[in-house]
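The values are calculated or read from the model by the stated rules, or taken from the named source; none is laboratory data. Here the structure is a predicted model, which means the values were calculated and not measured. Cβ: placed from backbone, ideal geometry, glycine included. Neighbour counts: every protein chain shown. Quick note on the areas: whole protein, heavy atoms, side chains included, nothing else; ligands and nucleic acids left out. Shrake-Rupley method; radii C 1.70, N 1.55, O 1.52, S 1.80 Å.
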Amino acid sequence: DIDLGQAVRPGWRNVKPPDDRAFGVPNIRTDIRAPLVKSVADHQNYGNEPNGGEVIAPSHFSQLDIDEGDFLKPQSLENIKSIFHAIHTPFGDDVLDAVYQQVSDEDEGIVSIASFRARLFERL
């Protein structure tokens, strides 16, 4: 027989699948939204878990329960002023207003603490 030892039934052949075909469930679930409050019983990884370096040497802000994503959220001028006055920066309101306006013009009106801080320290 010519087909002796070979699978001839469709679906049972040892044929290599296409390279773009993915099998299984991804490790980081980007296809579903993360819940607002994560349960201890939820075993899914939504990509917001710390990596090994963050577990071994956490940042000072994580010890204060401040997420790194909080620095990227849009902030009002009053909130940014209160933060930079609370940490006793040597800048007056006129400098903070000018930097806020500059960042707002460059980033389509969205000013985060990270972008404000970067632009402020460029002025030094």
note = Quick calc: nm separation of the 7 Å Cα→Cβ label points for Lys38 and Gln63 -> 2.1 nm
request  = Summarise the accessible area of the chain (1.4 Å probe, protein heavy atoms) by the percent that is carbon and sulfur.
outcome  = 54 percent
query = Just one of (1) 41, 18, 12; (2) 53, 19, 13; (3) 43, 9, 9 is semi-axes √(5λ) of the Cα gyration tensor in Å as worked out from the coordinates here. Which one is it?
reply = (2)
Within the range 19-106, chymotrypsin sites (Phe, Trp or Tyr not before Pro) in DSSP loop having at most 12 other beta-carbon neighbours inside 10 Å = Phe23
ask   = Just the accessible area per residue of the chain, please: how many Å² with a 1.4 Å probe?
value = 83 Å²
inquiry  = Run lengths n ≥ 4 of DSSP H only: what is the helix-derived mean residue ellipticity at 222 nm for the chain, with -39500 (n - 2.57) per run over all residues, to the nearest 500?
reply    = -9500 deg cm²/dmol
